[in-house]
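Undergrad: This structure is in structure tokens; I'll ask about it shortly.
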Amino acid sequence: MGKSRRTIPEELLLLALDPTTGTTAQPQSLDLGLAGAQLVELALAGRIAPDGDRIAVVMPRPTGDPTLDSALELLRRRGSPVRAVHWIGGPRLGLRQIYLAHLERCGMVHAVAGQMCGVLPTTRYQATDTAISREIRARLDSAIRTGVPPDPRTAALAALAHAVGLGKHLYPGNEGRSSRSRLRDLIRHDPMGGLVAHAVMDVQNGVAAQPRRDRAPAPPAARPPASGGVPLQPRRTGAMARVAAH
């Protein structure tokens, strides 16, 4: 794979990069989105293909992109198709820093060292060519504004941008509500992009919802036995009866 075209992970990160602060929006979910973006890029390169909700390697030949080839090799070592949600939610954190360093090596961003509160060292990243970020944004804006089905790359990028929560960064406030809604709707225009975007959201929702599912409300305490009889059981309402039936 040559470098004449930017990859979807690179574009997703450039979209998330705030030109004013030099920081990335949605840093926690962005790692998940970048893992999903790698899957989409590998699919577009013909290296992997969806198999239901799983991802199968169909051509293990390297692409020539070191970061993508690392992901491809990890997928190949699995030996069997892996569920997209397990891949994205697995131990693949840190992709944001890997791709920031990658963009710096490619000359797309440059690092600016600084300090927080005059003590803690920080690193911010500025795009070296803001025209690139404007072009990426213009593709999304055009797809949202015209309603014309976008190309698969733009559709996948839109799906991932929505999945990681970049909508409120790209189209903030009440005035951006309709644009955020249309950004979400673009998810249907690319099957692979839709698959990984839903996997990204499933990982986020699963992590957030698990404690609530585990902490079921305790049933009402049984009344103390009367005159040494057996404890009286609380009456089961419709909801409790349905739970007991299962």
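FYI, it's all coordinate maths here, none of it is from the lab. Predicted, not measured: the structure shown is a model, and the values here were computed from it. Cβ sites come from the backbone with ideal geometry, for glycine too, and all protein chains shown count toward neighbours.
Undergrad: Note the full-extension length gain between residue 54 and residue 146 as 0.36 nm times their separation in residues minus their Cα-Cα distance, in nm to one decimal.
TA: 29.8 nm
Undergrad: Further, regarding this structure: Where in the stretch 29-46 is the amide nitrogen less than 19 Å from a point lying 7 Å along the Cα-to-Cβ axis of residue 78?
TA: Within reach of a label on residue 78, which here means backbone N under 19 Å from a point 7 Å along Cα→Cβ, the stretch 29-46 contributes 31-46.
Undergrad: Using only the Cα atoms of the stretch 1-70, what semi-axes does the equivalent ellipsoid have when each is the square root of 5 times a gyration tensor eigenvalue? Give whole Å, largest first.
TA: Those come to 25, 15, 8 Å.
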